[in-house]
1. Inside segment 475-502, can you point out the residues that are open to solvent by less than 40 Å² (accessible area, probe 1.4 Å), closer than 21 Å to residue 284 by Cβ and not in a loop (DSSP other than H, G, I, E, B)?
2. Would you mind finding the one in 120, 94 that is open to solvent by 50 Å² or more (accessible area, probe 1.4 Å) and touching a residue at least 12 places away in the same chain (Cβ under 8 Å)?
3. Take the residues in segment 134-164 that are surrounded by fewer than 18 Cβ atoms within 10 Å (Cβ to Cβ), of a type in the set (A, V, I, L, M, F, W, C) and modelled with pLDDT of 95 or more; name whichever of them is farthest from residue 192 (Cα to Cα).
4. Residues of segment 474-500 being closer than 11 Å to residue 443 by Cβ and among the polar types (S, T, N, Q), which ones?
5. Within segment 333-382, which residues are open to solvent by less than 20 Å² (accessible area, probe 1.4 Å), over 15 Å from the mean Cα position of the chain (by Cα) and closer than 22 Å to residue 242 by Cβ?
6. Restricting the search to segment 270-282, which residues are open to solvent by 20 Å² or more (accessible area, probe 1.4 Å) and either of a type in the set (A, V, I, L, M) or touching a residue at least 40 places away in the same chain (Cβ under 8 Å) (or both)?
7. Looking only at segment 440-449, decide whether some residue is closer than 29 Å to residue 407 by Cβ, without any contact (Cβ under 8 Å) to a residue 24 or more places away in the chain and surrounded by 12 or more Cβ atoms within 10 Å (Cβ to Cβ).
8. Out of (1) within 18 Å of residue 244 (Cα to Cα); (2) assigned to a strand (DSSP E or B); (3) open to solvent by less than 70 Å² (accessible area, probe 1.4 Å), what's the single condition that is false for residue 210?
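The values are calculated or read from the model by the stated rules, or taken from the named source; none is laboratory data. All figures in this text were calculated on a predicted structure; none of them were measured in a lab. Here Cβ is always computed from backbone atoms with ideal geometry, including for glycine, and neighbour counts include all displayed protein chains. Side chains included, ligands, DNA and RNA excluded: accessible areas come from the protein's heavy atoms. Shrake-Rupley method; radii C 1.70, N 1.55, O 1.52, S 1.80 Å.
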Amino acid sequence: GQPGDNNVEMHAILVEFGLPYAFDDEVLSDADKIPKEITQTDVKARRDMRKVTTFTIDPADAKDFDDALSVQQIEDGNWEVGVHIADVSHYLQPGTVLDDEAFERATSVYLVDRTIPMLPEVLSNELCSLRPNEDKLCFSAVFELDENGVLKKEWFGRTVIHSDRRFSYEEAQDVIESGKGDFDKEILQLDKMAKQMRKARFQKGGIDFNTEEVKFNLAEDGKPLGVYIKAMKDSNKLIEDFMLLANTRVASAVGNPKKGDPKTFVYRVHDKPDPEKLNSLRQFALHFGYRMPAPTVNNAEKLISDLLKEVQGKPEEDTIKVMAIRSMAKAEYSTNNLGHFGLAFDFYSHFTSPIRRYPDVMVHRLLQRYLDGGSSVSEEAYESKCRHSSEREKRAAEAERASIKYKQVEFLMSKVGEHFEGVVSGLTDHGIYVELTENKCEGRVSVELLRDDFYRFDQERYELRGQKSGKTFQLGDKLEIKVVGADLMKRQLDFEFIQKLS
């Protein structure tokens, strides 16, 4: 196809990262054979929760709804909250062509203008999508919580539900802010409990890593008309907090030795940071005037948590957050439970998104096996599956970043010659990386364009320093730049340094 054509470029990114962009006929045929009707036998084998108030809260443009919340006040004044997840494992049977394909893909891929789903549409958008006013089969975690979100009881198992309403995040946010609207009592109560759970998690050492997300307004042909920043509001956090509750309680139910012999399970693990990497973060924070104690194996959690509290609301908050994330290990899947450092959970799994993540399907199957009294599965076999899923997830994330970068370059092609304000987001021997404040597009000022001096990168101090003048560029510095080049083939933006801003 023609270079620059949106479809061609998005397919090129998929090819570059070895990702599929269509399902084989055999896979689609396998999916089409799945029975569409919910039978009375299905209903009798499950907890019937169709009469309990239930709704979904998702992005306005979402096509699949894989989680719903039910809520009702019970006799003693406590609240019963159900976290209902599409029962993908009911439809996706081991040993089928469909299941093999889902395992191979391991995850859905979200490029700027399209989703490459893990499952065919008949499953992801129809059978497993928790659409309003339809009976749906779910795998659920049902919790009894007091007014402040303190857990009293829990139950896990298969259910049948009926969603009463589909909310977008914006609609749910309106209810939270105004106190009025459909199911206002339920949404306000969930919001109150979510805030209490979040507060308790942060007090325990959980880290708030919510960073801004770049989104594009696209024309029909895929051309970017504008860039905007998606903010996390209370409605987003409400859903996130109840999903976190389900994920950690499911993992604890299987893996906690206090509840019996731990069995082989699929955990989402996040190891503690390496003290050496934390030392680099410490040096970096010092440039902004923040003094961190010397890192050890045992104080990593507190050091990062304290630093992020200190920088909250300051101009350098995002820059320091990014460096803190870089100093930490990457989350991955494993049968070896290391706990989740960033979330401050001793047990954590992925239970809540089986439409788009294969590890969640494995978690559902294993949980049901153990609820039925089944024996533990082979750790070696599942560790191999975990490694495959982690590798696929990494590849998908790289493709997603490549598509964002492509659209950013395409957007700024029409802005060559214009001036923007930005923040230094990275430094190397070759130049200064600058993220533009207005639209989060990142480009590079080559050291060759800094003609007033000979600049050398100091790795120890993490700065670019002029050999004669002593002038420095450091992460977080505010600059005015001019866009001088936008190369779509290389997905590269070139900037020229104009001046430092106070």
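1. Within segment 475-502, just 479 meets the criteria.
2. Numbers: 120 fails: open to solvent by 50 Å² or more (accessible area, probe 1.4 Å).
It is 94.
3. Once the filter is applied, the top-ranked residue is 155.
4. Once the filter is applied, which keeps residues that are closer than 11 Å to residue 443 by Cβ and among the polar types (S, T, N, Q), segment 474-500 yields only 492.
5. Result: 339, 341, 344, 361, 362, 363, 364, 366, 367.
6. The initial filter retains those residues of segment 270-282 that are open to solvent by 20 Å² or more (accessible area, probe 1.4 Å), namely 271-272, 274-277, 279-280, 282.
Passing the criteria: 271, 272, 274, 277, 280.
7. From segment 440-449, those closer than 29 Å to residue 407 by Cβ are 440-449; that's our starting set.
Among the residues that remain, those that are also without any contact (Cβ under 8 Å) to a residue 24 or more places away in the chain are: 447-448.
Going one step further and asking which of them are surrounded by 12 or more Cβ atoms within 10 Å (Cβ to Cβ), we end up with 447.
Yes, segment 440-449 contains at least one residue that is closer than 29 Å to residue 407 by Cβ, without any contact (Cβ under 8 Å) to a residue 24 or more places away in the chain and surrounded by 12 or more Cβ atoms within 10 Å (Cβ to Cβ).
8. Single failed check for residue 210: (2).
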